[in-house]
């Protein structure tokens with residue numbers, strides 16, 4: 001290895017270590033703060049390690065929680081996120097199949113129009129979407145958070161690009177054997193696009209789980225809240241409660257952390273839309 005390459009790699013490594021420290025320090029501080037008492041947080045200054053390790057914040061959230069039912073919020077979020085993700089997989093895969101493999105008049109212009117809608121900020125849709133949800137009677141129900149966004153254009157684009165790399169000869173061979181479009185979708189295309197569908201599931205679940213703005217608009221019943229907007233109730237009426245907030249945030253972090261931990265290879269695979277089919 002030449003001297004210049006060694007220097008450049010050393011600089012890159014030091015930079016990555018520095019950025020890693022910047023990223024992980026707030027997380028470590030949050031974890032340790034969740035084990036501190038309220039008094040210690042407010043009076044002891046900036047101490048990274050707790051003077052006295054306590055579980056009061058977790059006990060209050062998980063046991064004495066009439067006004068802040070964290071476990072109920074956690075269950076609500078799990079039901080909403082899992083249901084939303086499953087519906088997204090069905091809708092997105094079928095839409096991508098239609099735009100990638102079927103031939104019908106106006107297909108490409110319609111898809112270009114859908115892509116153009118991505119230029120509009122999401123907040124533009126909040127009022128019309130709320131009116132629709134209210135007319136359907138879904139306000140303060142999980143349905144208001146499950147169905148909006150199931151036909152995300154970016155997800156359709158991602159899966160369509162993946163399907164375009166599958167040779168069209170697979171479809172033609174299946175049609176020669178008498179397979180219908182749905183048969184081709186289930187038996188030929190769907191098994192080949194599992195990697196990208198796992199990526200879509202990852203994005204959809206984390207997006208639904210971490211969503212804050214929309215649930216605060218359509219839900220005002222404490223018992224029907226998901227966990228992310230519910231955490232704002234832990235701030236207290238007259239003063240913030242950092243220990244409880246950190247404890248609640250760590251509980252809310254568990255599902256997404258585990259999901260990324262076990263599905264990280266599919267997340268990295270999504271960085272390239274040119275993944276082809278071997279064989």
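Seen from all sides and averaged, what is the projected area of the convex hull of the Cα atoms in the chain, in nm²? Write out the running numbers ahead of the final one.
Values: hull surface 88.8 nm².
Taking a quarter of the hull surface, the average projection is 22.2 nm².
Have a look at 91, 124, 193 and tell me which one the Gaussian network model of the chain (Cα, springs below 10 Å) gives the largest fluctuation.
Looking only at 91, 124, 193, the biggest GNM fluctuation is shown by 124.
For the Cα atoms of the chain, what angle does the longest principal axis make with the long axis of helix 153-164, in degrees from 0 to 90, nearest 10?
40
Considering the chain as a Gaussian network with a 10 Å cut-off on Cα pairs, which listed residue, 106, 30, 207, attains the greatest mean-square fluctuation?
So, out of 106, 30, 207, the one fluctuating most is 106.
Which order do 228, 75, 37 fall in if you start with the one that has the fewest other Cβ atoms within 10 Å?
Numbers: 228 20, 75 13, 37 17.
Ordered by Cβ neighbours within 10 Å, fewest first: 75, 37, 228.
Divide by every residue of the chain the summed helix terms, -39500 (n - 2.57) for each DSSP H run of at least 4, and state the resulting mean residue ellipticity at 222 nm, rounded to the nearest 500 deg cm²/dmol.
Calculated from helices alone, the mean residue ellipticity at 222 nm is -20000 deg cm²/dmol.
Return one quarter of the surface area of the convex hull spanned by the alpha-carbon atoms of region 81-159, equal to its mean projected area, in nm².
That works out to 6.0 nm².
Just need the Rg to Rh number for region 1-132, please, alpha carbons only, Kirkwood Rh.
1.18
Bear in mind these aren't lab numbers, they're just calculated from the coordinates by the rules spelled out. Please read these numbers as outputs of a predicted model, since none were measured by experiment. Neighbour counts are summed over all protein chains in view; Cβ atoms, including those assigned to glycine, are modelled from backbone coordinates with ideal geometry.
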